[in-house]
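The values are calculated or read from the model by the stated rules, or taken from the named source; none is laboratory data. Values in this document were obtained by computation on a predicted structure and should not be read as measured data. All Cβ positions, glycine included, derive from the backbone under ideal geometry; neighbour counts span all protein chains shown. To get the accessible areas, we keep the full protein, side chains included, count just its heavy atoms, and leave off ligands, DNA and RNA. Shrake-Rupley method; radii C 1.70, N 1.55, O 1.52, S 1.80 Å.
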Amino acid sequence: CQVHCGVPVRVKLVMPSRKEFACVRNMLNEQGSCDLSFSPTKSTMTGTYVVEMHTGYDVLLNSHRISVEDFMPDRLKVNVQTDKTEYKPRDNVTVNIQADNLYGTPAANKNYECVYRLTKGTFSSERYPDYSFAIHNDISVPEETKEGKTDGKGSASETFEISAATIADAGIVNGNVTATVFDETGRPLHRYAHFNV
């Protein structure tokens, strides 16, 4: 917030229940900012908190959300790979997922979600730093999502087709696959694979 030095402010920390956890008064410094700290206890409610900065007359200047959570180590190890890193239009992208429990056994029968995205890429050359190679036509490729369960070996595979019509004359296209595997509590673990078209 660009406010003059010496202006009094009130900073509130609001709990997920919308009750006020703490409220601190302070003065802004020459840069229009101030430093504050809040110390949650072991019994503090977990969830999304909101830090609100108000003027001395209770006008909201800005807010920011923070998350307070118990630390939970991952229960799974997930690896995701595409069968190639370079594709051509009309090719099929095969995504292979391998999920294992951290104690070594395959993560069998776990729910997963696989999201496939294509976006327009950019090309540049060090030999021509002032030249733009941009192709001024947009592409619109909707996200594609597939869901399923890992097999008895913790493996899964999905295939996505690269439609030539949707990326015609687009130049470089960047591909991304996000694989999410859910443990027995429903907690997600995300892994990514990238490729070019």
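Quick notes
- So ARG18, is it among the charged types (D, E, K, R), loosely packed, with under 13 Cβ neighbours inside 10 Å and touching a Pro at 6+ places or on another chain (Cβ under 9 Å): no
- Test for GLU69: is it of a type in the set (D, E, K, R) and at pLDDT 85 or above: no
- Any hit, the range 100-111, residues being open to solvent by 30 Å² or more (accessible area, probe 1.4 Å), closer than 30 Å to GLU52 by Cβ and hydrophobic (A, V, I, L, M, F, W, C): no
- When residues of the range 21-41 are limited to those that are open to solvent by less than 40 Å² (accessible area, probe 1.4 Å) and touching a strand residue (DSSP E or B) at 6+ places or on another chain (Cβ under 7 Å), the one farthest from ASP70 (Cα to Cα): LEU28
- Matching residues in the range 26-55 - criterion: being touching a residue at least 40 places away in the same chain (Cβ under 8 Å), of a type outside the set (Asp, Glu) and in contact with a Lys or Arg (Cβ under 7 Å, 6 or more places away or on another chain): HIS54
- Being among the small types (Gly, Ala, Ser), at pLDDT 95 or above and over 16 Å from PHE195 (Cβ atoms) holds for only one residue in SER155, SER132, SER140, SER124, and it is SER155.
- At least 3 residues being surrounded by 16 or more Cβ atoms within 10 Å (Cβ to Cβ) and of a type in the set (A, V, I, L, M) is the threshold, and among the strands (runs of 3 or more DSSP E) wholly inside the range 42-83 those reaching it are 76-82.
- For the range 1-26, a residue qualifies if it is in a strand (DSSP E or B) and either β-branched (Val, Ile, Thr) or in contact with a Gly (Cβ under 6 Å, 6 or more places away or on another chain) (or both), and the qualifying residues are PRO8, VAL9, VAL11, VAL14, VAL24.
- Leading residue by the ranking (least open to solvent (accessible area, probe 1.4 Å)) among those in the range 84-93 that are outside any loop (DSSP other than H, G, I, E, B) and closer than 15 Å to HIS194 by Cβ: VAL93
- Matching entry among TYR116, TYR103, TYR112 (being within 26 Å of the chain's Cα centre (by Cα) and either part of a loop (DSSP other than H, G, I, E, B) or at pLDDT 95 or above (or both)): TYR112
- Taken as a whole, the structure leaves ASN96 outside the set of residues that are farther than 29 Å from GLU158 by Cβ and either modelled with pLDDT of 90 or more or in a strand (DSSP E or B) (or both).
- Scanning the range 1-15 for residues that are within 31 Å of the chain's Cα centre (by Cα) and open to solvent by less than 40 Å² (accessible area, probe 1.4 Å) yields VAL11, LYS12, LEU13, VAL14, MET15.
- Residue identified as under 27 Å from PHE182 (Cα atoms) and in contact (Cβ under 8 Å) with a residue 40 or more places away in the chain among LEU76, LEU61: LEU76
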